[in-house]
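The values are calculated or read from the model by the stated rules, or taken from the named source; none is laboratory data. Remember, it's a predicted structure, so these values are computed and weren't measured experimentally. Reconstructed Cβ throughout: ideal geometry from the backbone, glycine too, with neighbour counts over all protein chains shown.
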């Protein structure tokens, strides 16, 4: 294994940071060409929430002359560029860490980049289509029955949007963090299982901080997927330990169990549609009466 001096590590870190910024810069220029279309996508949850609350002219408000320019043409492309360039950023992170790992552990580079970027984007998608929409509808509807009409500024709305989207996207990196800590032999699957009650408590606290509303329903919309991701991380950690010990996981049994669960879920949906009058819709909760 090659050894680097302290200055060599700093030089490597500087190069990786410059490469990250270059990737974000390219994605930023690309995002600028679609700024108006991107804003229509970003503002859709607010428009839908106002429509659900019965407002005839659902739109956001520009308060200062520079507000729309700063949000639509600066902040929004930066946010989009961050998501687009996330695989490149994560690859640079891995490339900086990899020299300190054993050769057999460097083979995890491609899965690390793919799953990290995938989970980050999946978290953003979950926040956009589920958590953020529910929270926004709740917040805008608080004063509906007491003669308060919402006037949402472009900046305030976008700041809330960024906090929720990025917050949930980072939280969805939990399985990767657990896997990485196991790779460095800092934690083990047994340790995580024994202390899972404390982990769930921390998850609920984090969900309460990230959740844009104080109600329990929206809190659970954040906490439940985070708990699922925690146990997914433990499973990935267990697979790594099995690999180190030259043991194999019974994938066939897991596949059969998964197919049984899918078949049971499909049966429940079929009965709900044919016997109880439910039908599928392209938005949450996807099955309504």
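Is it true that some residue in segment 248-263 is assigned to a loop (DSSP other than H, G, I, E, B), loosely packed, with under 13 Cβ neighbours inside 10 Å and modelled with pLDDT of 80 or more? Can you show your working first?
Step one: list which residues in segment 248-263 are assigned to a loop (DSSP other than H, G, I, E, B), which gives 248-250.
Subsequent filtering for residues that are loosely packed, with under 13 Cβ neighbours inside 10 Å retains 248-250.
After this cut, where a residue has to be modelled with pLDDT of 80 or more as well, the list is 248.
Within segment 248-263 (the criterion being assigned to a loop (DSSP other than H, G, I, E, B), loosely packed, with under 13 Cβ neighbours inside 10 Å and modelled with pLDDT of 80 or more), the answer is yes, since at least one residue qualifies.
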Task: One residue from 135, 123 being crowded, with 17+ Cβ neighbours inside 10 Å and either within 28 Å of residue 24 (Cα to Cα) or modelled with pLDDT of 85 or more (or both) - done: 123
Open item on the list: Quick test of your reading of the structure: residue 31 fulfils all but one of (1) surrounded by 14 or more Cβ atoms within 10 Å (Cβ to Cβ); (2) at pLDDT 85 or above; (3) under 18 Å from the mean Cα position of the chain (by Cα). Name the failing condition by number.
Closed with: (3)
Open item on the list: Criterion first (under 13 Å from the mean Cα position of the chain (by Cα), closer than 29 Å to residue 54 by Cα and assigned to a helix (DSSP H, G or I)) does residue 176 satisfy it?
Closed with: no
TODO: With the condition kept exactly as written, say whether any residue in segment 140-154 is modelled with pLDDT under 85, surrounded by 16 or more Cβ atoms within 10 Å (Cβ to Cβ) and touching a strand residue (DSSP E or B) at 6+ places or on another chain (Cβ under 8 Å).
DONE: yes
Task: Qualifying residues in segment 57-75 (those that are without any contact (Cβ under 8 Å) to a residue 40 or more places away in the chain and more than 26 Å from residue 33 (Cβ to Cβ)) - the one surrounded by the fewest Cβ atoms within 10 Å (Cβ to Cβ) - done: 57
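Just one of 65, 58 is within 15 Å of residue 153 (Cβ to Cβ), touching a helix residue (DSSP H, G or I) at 6+ places or on another chain (Cβ under 8 Å) and assigned to a loop (DSSP other than H, G, I, E, B); which is it? Outline the logic, then answer.
Working: 65 fails: touching a helix residue (DSSP H, G or I) at 6+ places or on another chain (Cβ under 8 Å).
Result of the check over 65, 58: 58.
Among residues belonging to segment 236-258 that are free of Cβ contacts under 8 Å to residues at least 24 places away in the same chain and in contact with a helix residue (DSSP H, G or I) (Cβ under 8 Å, 6 or more places away or on another chain), point out the one that is nearest to residue 193 (Cα to Cα). Explain how you work it out, then say what you get.
From segment 236-258, those free of Cβ contacts under 8 Å to residues at least 24 places away in the same chain are 239, 242-258; that's our starting set.
The next check asks that each one be in contact with a helix residue (DSSP H, G or I) (Cβ under 8 Å, 6 or more places away or on another chain); those that pass are 248-249.
Working: 248: 20, 249: 18 Å.
Applying the filter and picking the extreme gives 249.
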TODO: Among the candidates 25, 54, single out the residue that is at positive phi and surrounded by fewer than 15 Cβ atoms within 10 Å (Cβ to Cβ).
DONE: 54
